[in-house]
Amino acid sequence: MTGFHFSLASLSEPFVFSSGLPAPVRASSARLTGLRTFFGDRRRLATVVTTHNVTPRVSLLGGIRLFNAAAATDTRFSLGSELTLSPNLVAGLRVDHRTEQQLDPVVLLYGNGHLPFGTAAFRQAMRLQIEQRVQPGNHVTTVAVSHIF
């Protein structure tokens, strides 16, 4: 499939972006706003995400995603908050709603733990993420391990 991608991000004053990034690679900004779009032969996708620090340890997150293809149109709304418990441990709560699924909104409880390693020139981390989905008829626990470099 051929298409066109466009991404844009904006950072502004002082914020610690805690969404899954280990302390050595966190952005420093009061707000982070991003836009990503894709326009292709048979589908279009647009995502807008923003975060804002309420305090140095509490962040608010929000996003809207629009998807359009030949046979489907879907909109996802997402609103959440994260609490930085330590430089390597983050807990969060998020509510997602997808219009196409015709289901109740889902509540997601999650935690991210990071184990940083590597030299200052090439800082890396192993990340463990545990997520609990709370939705009528759909209670799923997900565990993921990632290498961030």
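The values are calculated or read from the model by the stated rules, or taken from the named source; none is laboratory data. Because the structure is predicted, anything quoted here is derived from the model rather than measured. As a convention, Cβ positions derive from the backbone with ideal geometry for all residues, glycine included, and neighbour counts pool all protein chains shown.
Name the single residue that is nearest to Asp104 (Cα to Cα) among those in the stretch 125-139 being at pLDDT 90 or above and over 17 Å from the mean Cα position of the chain (by Cα).
Let us first name the residues in the stretch 125-139 that are at pLDDT 90 or above, namely 126-134.
Remaining after also requiring over 17 Å from the mean Cα position of the chain (by Cα): 126, 134.
Numbers: Met126: 34, Val134: 10 Å.
Across the stretch 125-139, the extreme among qualifying residues is Val134.
Of the conditions (1) part of a loop (DSSP other than H, G, I, E, B); (2) in contact (Cβ under 8 Å) with a residue 40 or more places away in the chain; (3) among the polar types (S, T, N, Q), Thr84 clears all except one; give me its number.
So the condition that Thr84 fails would be (1).
Every residue in the stretch 67-85 that is surrounded by 14 or more Cβ atoms within 10 Å (Cβ to Cβ) and at pLDDT below 85, please.
Selection gives Phe67, Asn68, Asp74.
Taking only pairs six or more apart or across chains, which ones have beta-carbon atoms under 7 Å, a first residue in the stretch 43-68 that is under 28 Å from Pro87 (Cα atoms), and a second residue that is modelled with pLDDT under 85 and of a type in the set (Gly, Ala, Ser)?
Pairs that qualify, where the first residue is under 28 Å from Pro87 (Cα atoms) and the partner is modelled with pLDDT under 85 and of a type in the set (Gly, Ala, Ser), are Val49/Gly34; Thr51/Ser19; His52/Ala30; Asn53/Ala30; Ser59/Ser18; Leu61/Ser19.
Asp96 fails exactly one of the following numbered conditions: (1) farther than 17 Å from Gly63 by Cβ; (2) part of a strand (DSSP E or B); (3) of a type outside the set (A, V, I, L, M). What is the number of that condition?
All conditions pass for Asp96, except number (1).
With the structure loaded, tell me whether Ala125 is buried (at least 16 other Cβ atoms within 10 Å of the Cβ) and among the small types (Gly, Ala, Ser) or whether it fails that test. Please lay out each step first, then the result.
Numbers: buried (at least 16 other Cβ atoms within 10 Å of the Cβ): yes; among the small types (Gly, Ala, Ser): yes.
Yes.
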